[in-house]
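Encoded as structure tokens, the structure appears first; notes follow it.
The values are calculated or read from the model by the stated rules, or taken from the named source; none is laboratory data. Not measured: the values here are computed from a predicted model. When we count neighbours, we look across all protein chains shown, and the Cβ atoms used for this are built from the backbone with ideal geometry, even at glycine.
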Amino acid sequence: MDSQQKSRSKKAIVNDELIRNAGIEEILRVGVDHVSLREVSARAGLTHGATYARYEDADELLVDLWIARLAERAIGLFELCERASTEPTPSNMREVFNFVRDADEADAAMVHLLLTARRIPVLGEEVNEFIENYLMREDCRSQDVSATFTRALCLFSLMTVQIIFSRHVQRPGHYFDRLEEWMTTAFQTDADTVPEIDLAEPTVPYSIVESSDLESVLAAATFHVVGKSGYAHATITRIARRANCSPGSIYSLYDSKEELVIAAYRRTLPERWSRIAYFMHFLDSGFLTQRLYLYTHPENETWRNFLLEFSLASANNTLLYQAHEAQDRGLATLAPLIPDATDEELILLGHIITVLSLLTHGVAFMATATGSLECTNYVQFAEPFRRSVLSCVGTTWVQLCARVDQMTEEQSR
């Protein structure tokens, strides 16, 4: 009897690992909202009865994955970021970046669960323990939040987005090596030498400009429904109800939910020329600090939520992915038009646009995941970071900015 019990226990352990491995693969293949126990069973090579005997539903599987596998990865990454902030040596920063360079499927799944747990109650109960014990260890609504904690939190936010970025987007990663150099220098900045920055409160929340025409009304409704419920649960019926119209009215303008959501997404972005000029100001004194503060401000919660849900959905939806990539390709096609820009300058511009996009998205996404991060001490991260970048690219950057200003002025005529 004892040998039979031991045999069954070993088999159960093996099956658990098969199911967890398959669950991680399914998260990355179809997204958190579409994980099904039946598909996990098939991928694990088990009968669906065996999986249903272990878990009540897919949400219970997600909880088990977090507890058994993924929480320790999140804790490990944050502790490395905290060590790099407290003891900012090149070797400590290298450990952070090597964690991300070596990130595997489990790490990518960890980020997906961390960013979606807020709207899955049973998962949120478990993930919130990590959020409260690590990401909210200090009160980010207080002006007393320390420089080291602010830097650790911003670095963690950036690294989590980098993990899923490198998993789902195929692009050269040369910028990541430069980013490590910039971060190492930035974190060695004495907090006492960082000047205070006066932060302006948002005058108008980031949103979609609403008007009475149906396309604008639908864009605004989509913006709110996707941001609150996630892409998978934002049905045409729910969006129509929010817009006070019929589903048929939506289908008279758009062939699918994807087209509707993409139309709303495009309305959240400024014109390409203004976007590229906008990036050129990120290294101005105080500009990045102000942006991080505004992105994480409670007034901009709906905007953050929508961009997060759109980005996560685009990892598993070809049409959304193409729309997401089209924005960056649009910037890439403009860059060579900068007057007399050299190859070196264009590479530099591409690196900085990528890094700053990841940084601002990472901080905004983590603000959504935690429900906090209205961090009034962003200056302790942003100012050392921009100074570090400028110390490496100063003359080249100034010349490039002048050319972009010239190009922008010509386009506005």
Restricting the search to region 21-65, which residues are among the basic types (K, R) and either in contact (Cβ under 8 Å) with a residue 60 or more places away in the chain or out of contact with any helix residue (DSSP H, G or I) (no Cβ under 6 Å at 6 or more places or on another chain) (or both)? R29, R54
Which numbered condition in (1) crowded, with 19+ Cβ neighbours inside 10 Å; (2) farther than 26 Å from D198 by Cβ is the only one that Q380 fails? (2)
Wholly inside region 293-394, helices (runs of 4 or more DSSP H) that include 1 or more residues that are touching a Cys at 6+ places or on another chain (Cβ under 7 Å), hydrophobic (A, V, I, L, M, F, W, C) and within 21 Å of A200 (Cβ to Cβ) are 343-370
If a residue must be touching a His at 6+ places or on another chain (Cβ under 9 Å) and buried (at least 20 other Cβ atoms within 10 Å of the Cβ), how many such residues does region 292-303 contain? 1
If you scan region 146-194, which residues turn out to be part of a helix (DSSP H, G or I), free of Cβ contacts under 8 Å to residues at least 40 places away in the same chain and over 15 Å from N98 (Cα atoms)? D192, T193
Any residue in region 346-357 that is buried (at least 18 other Cβ atoms within 10 Å of the Cβ) sitting within a Cβ distance under 7 Å of a residue that is outside any helix (DSSP H, G or I)? List the pairs, counting only those 6 or more apart or interchain. L356/F282
Of the listed residues (I239, I197), the one being modelled with pLDDT of 95 or more and either part of a helix (DSSP H, G or I) or farther than 30 Å from D33 by Cβ (or both) is I239
